[in-house]
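For reference, the structure discussed in these notes is given below.
The values are calculated or read from the model by the stated rules, or taken from the named source; none is laboratory data. Since this is a predicted model, take the numbers as computed values, not measurements. Here the Cβ positions follow ideal geometry from the backbone for every residue, glycine too, while neighbour counts run over all protein chains shown. What goes into the accessible areas is simple: the full protein's heavy atoms, side chains included, and nothing from ligands, DNA or RNA. Shrake-Rupley method; radii C 1.70, N 1.55, O 1.52, S 1.80 Å.
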Amino acid sequence: MTDRPGRRRRAVVAGVAGAVVVAIAFRSYIYGSVFRAGDVVLLANDPYYYRYVVETTTAAASGPFDLGVLFGHDKGTPLLFAVLATLAEIAGGDPSAAGVLLAVYPVVSAAVTVLLTYALAVRVTGRPAVGVLAGGLLAVTPVHALRTALGFADHHAFDYPWLVATALLLAALTASVPGDRRRRWLAAPLGVVVAGQLLAWVGGVLLLVPIG
């Protein structure tokens, strides 16, 4: 007997991995334009503001546990600043670490968003093949590739995982029946991702409209 379920699982894993690899490749082929002779050249104006905030924050922080400084921003994209500054502080806190972090994080976000999109499509349709297709299409979507390109360290890349995670949890919550214990377990992470979505970007409240 042929191991059809095993072959299907391996095909799905290969398809998801392929979608992630494609997403990374589509966003990283400009490596030489971003990393130039030891310097990090970001791709837009706003990312330099984020870089300035991260560098000044890490310069003022006494370590990765100095939360009063690292989480001290209350305008624009407070959670983005806090996460990037904390990671930069863990990486050493020097300006070069901040530049590399800001350049690379959009690509990491793209890979995570592809995985979440796969999970969302499977949750809605029940078909792993559809999930692989959805993740693959997102990997090559031009506007998403632009906003999550290497060096494009704007807030958009940080918003995408929160948005898709919110949709995934809402889909799972909607599919569960009243009285199902899983509803209780879904409510807490849903609250976390919605809060993260609101703190990730000053206009995050607009993203609550579809939830309503």
| Quick one: which of Leu138, Leu169 is surrounded by 19 or more Cβ atoms within 10 Å (Cβ to Cβ), at pLDDT below 95 and part of a helix (DSSP H, G or I)? | Leu169
| message | Of everything in segment 118-134, what is surrounded by fewer than 14 Cβ atoms within 10 Å (Cβ to Cβ) and in a helix (DSSP H, G or I)? Give them in sequence order. | response | Thr125
| task | Determine whether Gly63 is open to solvent by less than 80 Å² (accessible area, probe 1.4 Å), touching a helix residue (DSSP H, G or I) at 6+ places or on another chain (Cβ under 8 Å), part of a loop (DSSP other than H, G, I, E, B) and over 26 Å from Trp162 (Cα atoms). | result | yes
| message | Here's a check for you: in segment 193-208, which residue that is in a helix (DSSP H, G or I) and touching an Asp or Glu at 6+ places or on another chain (Cβ under 9 Å) is farthest from Gly76 (Cα to Cα)? | response | Leu207
| request: Would you confirm whether any residue within segment 66-77 is part of a helix (DSSP H, G or I), within 21 Å of the chain's Cα centre (by Cα) and over 30 Å from Ala139 (Cα atoms)? | output: yes
| task | State yes or no: is Leu84 closer than 30 Å to Leu138 by Cα and open to solvent by 20 Å² or more (accessible area, probe 1.4 Å)? | result | no
| note | Of the listed residues (Leu115, Leu102), the one being touching a strand residue (DSSP E or B) at 6+ places or on another chain (Cβ under 8 Å), of a type outside the set (S, T, N, Q) and surrounded by 17 or more Cβ atoms within 10 Å (Cβ to Cβ) is Leu102
